[in-house]
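The values are calculated or read from the model by the stated rules, or taken from the named source; none is laboratory data. Note that the structure is a prediction, hence the values are computed from the model and not measured. Cβ placement follows ideal geometry from the backbone for every residue including glycine, while neighbour counts extend to all protein chains displayed. We work out accessible area using only protein heavy atoms, side chains counted, and drop any ligands, DNA or RNA first. Shrake-Rupley method; radii C 1.70, N 1.55, O 1.52, S 1.80 Å.
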Amino acid sequence: MGIYRTLIMSLFGSALLTVTSTSQALTLTPKQQQHLAEARKEMGLGPEEMLKRHICLWDLSGRSGPIFNGATNLRLDLLRYKIDLSLEAFTNEGAMVASLKNGQCDAALMSGFRARQFNRFSGTIDAIGALPSLEHMDMLMKSIALPQLSENMVSNKYQTLAVTPAGAAYLFVNDSKLNSLERVAGKKIAVLDFDPGQSKMVAQIGATPVATTLATAPNQFNNGSVDVLPAPLVAYQVLELYKGMSPDGGIVNYPIVQLTAQLIGHTDRFPPAFAAVIREVAADSFSSIQTALEKEAGQIPKHWWIEVDGHEKLQYDSMMRAARMKLRETGYYDATMLKIMKRIRCKLDAQRPECSQETE
């Protein structure tokens, strides 16, 4: 949830889902308070009545974990705005998703990969190669908070209430020679077992997808069962991925995807004005998140970075673009979101080859 001051999230981790809270209390702007007042009126709540909702959180450490603790601090901040959140922690993301579906949760915080089943528009933000940097992500976060895109955030029974950047995923490899697509061909790459799109993309480059879970992937890389592990930089230290890279491996210095955490809620439990407040606050939180992510990147020793030349970057871009279009055609990615992200890429770098092409 973007209102959690700083959220750093690993999508390949057995013990990593981190929220770092600042000492500053959450304060809504006058505009946001006005939207909240409109939502309360729409819901028939009196001036002193509490707006109550049950929020489910995926935290691998449960109630003692950092996400649950950060949400508890947020809950206290929101009480002065007459919002009372009850919180429930899940150590199993799949079980939490089931609880959202059966109505036990009013909303649930999950990975962008899981969110795709509820809203293909916001779930496409995690598309491979679609957002090359945090600067691109910042522009997108501001765009999806705009009122004109609010309808896209709703998909029948569910809506995306907030999107929080969780950092870029890079390729951790056990051999520094695996710095090109040709050299990755034939190697074993870890993919999430619940996301078939990842397997399709890996097979497309001639590599072998190995189905893994969030709990098993790091160990499979560290013990050599897989040659390549896509993961955010925050996983380097906490999951001890340097073990899998030693002695001859490294991190390919070219991000393949910008990861997100997304708050998915039941549409009938969050009226448009209330949802707008959440999205606005989420967009406002970007700078603190960016600072935390950059700090994590700076803690990785320089000798692990495997540089990629301009030619290889063009190849990566071309491969990832082809994968996005193929998955768009199968209905896996949302065409509107892909177009928005392309406009952002071309706004920041009009010389990209794709900018002169009509597709995507």
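The strands (runs of 3 or more DSSP E) found entirely in the range 80-179 that carry 2 or more residues being closer than 30 Å to residue 319 by Cα and under 20 Å from the mean Cα position of the chain (by Cα) are 107-111, 158-173.
Within the span defined as the range 74-89, every residue fails to be modelled with pLDDT of 90 or more, closer than 30 Å to residue 205 by Cα and among the small types (Gly, Ala, Ser).
For the range 239-251, the candidate set comprises residues that are out of contact with any helix residue (DSSP H, G or I) (no Cβ under 9 Å at 6 or more places or on another chain) and not small (Gly, Ala, Ser); within that set, the residue that is most open to solvent (accessible area, probe 1.4 Å) is 247. The set of residues from the range 41-54 being in contact with a Lys or Arg (Cβ under 9 Å, 6 or more places away or on another chain), under 20 Å from residue 279 (Cα atoms) and modelled with pLDDT under 90 is empty.
Only residues that are surrounded by fewer than 19 Cβ atoms within 10 Å (Cβ to Cβ), aliphatic (A, V, I, L, M) and in contact with a Ser or Thr (Cβ under 8 Å, 6 or more places away or on another chain) were counted across the range 169-211, and they come to 1.
Residue check: is residue 320 hydrophobic (A, V, I, L, M, F, W, C), within 30 Å of residue 226 (Cβ to Cβ), out of contact with any strand residue (DSSP E or B) (no Cβ under 9 Å at 6 or more places or on another chain) and buried (at least 16 other Cβ atoms within 10 Å of the Cβ)? Judged against the criteria, residue 320 is not a match. What is the number of the single condition among (1) open to solvent by less than 20 Å² (accessible area, probe 1.4 Å); (2) assigned to a helix (DSSP H, G or I); (3) over 20 Å from residue 170 (Cβ atoms); (4) not aromatic (Phe, Trp, Tyr) that residue 360 does not meet? Answer for residue 360: the failing condition is (2). In the range 85-101, the residues that are more than 13 Å from residue 55 (Cα to Cα) form Cβ pairs under 8 Å with partners that are open to solvent by 30 Å² or more (accessible area, probe 1.4 Å) and aliphatic (A, V, I, L, M), at six or more places apart or across chains, as follows: 91/60. Considering only residues of the range 93-118 that are of a type in the set (S, T, N, Q) and more than 26 Å from residue 170 (Cβ to Cβ), which is least open to solvent (accessible area, probe 1.4 Å)? Among them, the one singled out is 99. Somewhere in the range 336-346, is a residue surrounded by 13 or more Cβ atoms within 10 Å (Cβ to Cβ), in a loop (DSSP other than H, G, I, E, B) and of a type in the set (Val, Ile, Thr)? Checked the range 336-346: no residue is surrounded by 13 or more Cβ atoms within 10 Å (Cβ to Cβ), in a loop (DSSP other than H, G, I, E, B) and of a type in the set (Val, Ile, Thr). Just one of the numbered conditions (1) at pLDDT below 90; (2) out of contact with any Asp or Glu (no Cβ under 8 Å at 6 or more places or on another chain); (3) hydrophobic (A, V, I, L, M, F, W, C) is not true of residue 252: (1). Going through (1) over 16 Å from residue 335 (Cα atoms); (2) open to solvent by less than 30 Å² (accessible area, probe 1.4 Å) one by one, residue 150 falls short only on (2). Residue count for the range 155-168 under the criterion of being open to solvent by less than 10 Å² (accessible area, probe 1.4 Å) and either among the hydroxyl-bearing types (Ser, Thr, Tyr) or more than 26 Å from residue 97 (Cβ to Cβ) (or both): the result is 2.
Of all the residues in the range 42-88, those that are surrounded by fewer than 13 Cβ atoms within 10 Å (Cβ to Cβ) and touching a His at 6+ places or on another chain (Cβ under 8 Å) number 1. Candidates 214, 229: the one that is in contact with a Pro (Cβ under 8 Å, 6 or more places away or on another chain) and either hydrophobic (A, V, I, L, M, F, W, C) or open to solvent by 30 Å² or more (accessible area, probe 1.4 Å) (or both) is 229.
Answer yes or no as to whether residue 226 is part of a strand (DSSP E or B) and over 18 Å from the mean Cα position of the chain (by Cα). Criteria not met by residue 226. Go through the range 323-334 residue by residue and tally those that are open to solvent by less than 30 Å² (accessible area, probe 1.4 Å) and assigned to a helix (DSSP H, G or I). Counting residues in the range 323-334 that are open to solvent by less than 30 Å² (accessible area, probe 1.4 Å) and assigned to a helix (DSSP H, G or I) gives 3.
Among the residues in the range 255-278, are any farther than 27 Å from residue 96 by Cα and of a type outside the set (A, V, I, L, M)? Yes; the residues of the range 255-278 include at least one that is farther than 27 Å from residue 96 by Cα and of a type outside the set (A, V, I, L, M).
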